[in-house]
1. Pop out the carbon and sulfur fraction of the accessible area of the chain as a percent, whole number, probe 1.4 Å.
2. On a 1.4 Å probe surface of the protein chains, which of Y36, Y26 comes out largest in accessible area, and what is the full order?
3. Once phi is turned into ³J(HN,Hα) by the Karplus curve 6.51 cos²θ - 1.76 cosθ + 1.60 with θ = phi - 60°, what whole-Hz value does each residue of region 43-60 show in order, with x for glycine and proline?
4. Please compute the Kirkwood hydrodynamic radius over region 45-158, one decimal place, Å, based on all pairs of different Cα atoms.
5. For R113, tell me the accessible area in Å² from a 1.4 Å probe, rounded to the nearest 10.
6. Show me the ranking of peptides 7-16, 87-96 by mean Cβ neighbours inside 10 Å, starting with the highest.
7. Using only the Cα atoms of region 43-88, what do you get for the radius of gyration and for Dmax, in Å?
8. In whole angstrom, note down how far apart the Cα centers of region 37-51 and region 121-143 are.
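The values are calculated or read from the model by the stated rules, or taken from the named source; none is laboratory data. Computed from a predicted structure; not experimentally measured. Ideal geometry is used to build each Cβ from the backbone, glycine not excepted, and the neighbour counts take in all protein chains shown. Quick note on the areas: whole protein, heavy atoms, side chains included, nothing else; ligands and nucleic acids left out. Shrake-Rupley method; radii C 1.70, N 1.55, O 1.52, S 1.80 Å.
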Amino acid sequence: MEIVADSGPLISCARAHKLILVRDVYSEIVIPPSVYREIVIEGAGKPGAEEVEAAVSIWITVKEPENESFVANMKQRLGPGESEAIALAIELGGYILIDEKSGINEARERGIRIKSTLLMLLEAKELGLISSVKEELDELIDSGFRCSDVLYYKTLALSNGI
């Protein structure tokens, strides 16, 4: 099943030096051109820019969504990256890796299965790639990742069962 990523999770993971964890959990992801532009072109010199550029054609594929009218309609409510990522996830029948609540809500309304940075940490723990969800999550938060207290403790509670 294909994973289409929005820029937020990739940037958050790159800031915390955990972008490789995304690759280890999902092996391959697809990003739309707007996500590539946001991270690599507009974000030149920022965390994730070099790493994403180096990963293209290795474990990251850049793919243009075909339904331009859908993307244009979505851009009335969301940013270009989220709009293209949602369109691409629908077209590919895959998951979307996204953290922004508005994007998650739009994707859910369209029946897209959701992955997030927090779910990725739980999957990494389940796969034996990390030993502590709490340590990894705390490092993400220390590097600027935003997470409500409710989601933080809910994620930690779920990780104890893994």
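1. Its accessible area is 48 percent carbon and sulfur atoms.
2. Descending accessible area places them as Y36, Y26.
3. x, 3, x, 9, x, x, 4, 5, 5, 5, 4, 5, 7, 4, 6, 9, 10, 10
4. Computed over region 45-158, the radius equals 15.8 Å.
5. About 100 Å², rounded to the nearest 10.
6. 7-16, 87-96
7. Answer for region 43-88, Rg first and Dmax second: 12.8, 33 Å.
8. For region 37-51 versus region 121-143, the Cα centre distance is 24 Å.
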